[in-house]
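Below is one structure; the comments refer to it alone.
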Amino acid sequence: MQHDPEQISTPPDGRPMSEQPAWRQDFPIDTPQDNYVARRDFTKFLVVTSGAFVAGQLYVVAKSQIARDASALAPQRIASIADLPVGGALTFNYPEPHDTCILLRPDENTLLAYSQKCTHLSCAVVPDMKRNCLNCPCHEGVFDMATGHPLAGPPRRPLPLVHVERRGDELWATGVEVRTV
């Protein structure tokens, strides 16, 4: 009778089973069987892992959609018009406390607001009123102040636009527009 070499238990030290201590005969280590993975088990693992990834992605999409819907409905007071002189800038948080934004007043009648996070790697952009641009000092990105579109550097997407309303002498943030082009 011929034995299948993959089905024979081989002790780790290589000696025959007759020369092994008694405890090893009671607890043999079957290395070939230990390393065998059935196709059915492997397929189960792939299906469960893929399902976990899909569930995680659906959670992220649902959470971001809920947050976007909730933040679009909540206007927030930013400042008084007297707090922002012509040629000045003011930072504020909108729609969440961790979302920093920048409010600009390049001339008497113009108010602009953008997310302060660069669209490249989220470094804070700073205004350069003399050159009418917003600079990202981390990677030398430059954005047009009037539109928020990138002019130079690695950023390829424009800054998210924060909608601002003037209600009497008060300035209010009323929404965020994430733009792709």
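The values are calculated or read from the model by the stated rules, or taken from the named source; none is laboratory data. A quick note: this is a predicted structure, and the numbers were derived from the prediction, not measured. Because the Cβ atoms are built from the backbone with ideal geometry, glycine has one as well, and the counts that use them run over all protein chains shown. For accessibility, only protein heavy atoms count, side chains too; no ligands or nucleic acids. Shrake-Rupley method; radii C 1.70, N 1.55, O 1.52, S 1.80 Å.
What to note about this one:
- Surface accessible to a 1.4 Å probe, H120 within the full protein complex, Å²: 70 Å²
- Whichever lysines have a C-alpha closer than 25 Å to that of K117, once near sequence neighbours (fewer than 8 apart) are set aside: K63, K130
- Calculation over all alpha carbon pairs of segment 63-181 in 10 angstrom steps from 0 returns a P(r) of 14, 46, 33, 7, 0 percent.
- Sites M129 and T180 - FRET efficiency at Förster radius 30 Å, r taken between beta-carbons, to 0.05: 0.65
- The order of the peptides 126-137, 52-63 by mean Cβ neighbours within 10 Å, most packed first, is 126-137, 52-63.
- Residues in segment 104-166 average 52 Å² of solvent-accessible surface per residue, probe 1.4 Å, ligands and nucleic acids excluded.
- For V162, the shell of other residues with beta-carbons less than 10 Å away shows a net charge of -2, using +1 for Lys and Arg and -1 for Asp and Glu.
- About the Cα centre, charge dipole magnitude for segment 84-140 (Lys/Arg +1, Asp/Glu -1 at Cβ), debye: 100 debye
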